[in-house]
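Colleague: Below is one structure. I have some questions about it.
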Amino acid sequence: GAAPKITISRIQNAVCAYAMVSICEMTSQRRSAGIVKVRQIGVILSRILTVCSTTQIGARFGCRDHSTVIYTCKRLGPFYESMKGHWRLPLDEIVAIAFEAFDDFKKVEWKKRRNEVVSNSVGNSIAAMGVYERNAPEIA
């Protein structure tokens, strides 16, 4: 027969089972990294795999506003786009791919952010040295 319809509930169950987190934890207001990751993956898969609105998705993920759902999809844009191609696979496979892809995306994002911080701090150090040298008293 036909594959069962993918619903937000099925996505939440699959994501929570994979991460060994309860639905209560995932839909709570907690912001620990592990819970946020599970929630973000659930939200993005719900956006891709269901026809539910961002308002409906937000409501099912702990009374979150629809703008939070939109922001999550934008902020995790490359991850969101990469997941779109897997919608035909069985849900359990999609969830496993999502967790792996999410970690890869975060590593790349973290490296990018670290490089920006390093280049900014080097730039700031050089700028500070320039200011320091410019204001140094002349030695007679």
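None of the figures in this text is laboratory data; all of them are computed from the coordinates on show. Since the model is a prediction, treat every value here as computed from it, not as a measurement. As a convention, Cβ positions derive from the backbone with ideal geometry for all residues, glycine included, and neighbour counts pool all protein chains shown.
Colleague: Ranked highest first by the average count of other Cβ atoms within 10 Å around their residues, in what order do 37-45, 66-74, 17-25 fall?
Modeller: With the highest mean Cβ count within 10 Å placed first, the list reads 37-45, 66-74, 17-25.
Colleague: Which lysines, if any, have their Cα less than 27 Å from the Cα of Lys107, not counting same-chain residues under 8 positions apart?
Modeller: Lys37, Lys74, Lys84
Colleague: Could you give the length gained by full extension between Lys84 and Asp104, i.e. 0.36 nm per residue of separation minus their alpha carbon distance, to one decimal place?
Modeller: 5.6 nm
Colleague: Another question, if that's okay. Give the calculated FRET efficiency between Ser22 and Arg114 to the nearest 0.05, with a Förster radius of 35 Å applied to their Cβ-Cβ distance.
Modeller: About 0.60, to the nearest 0.05.
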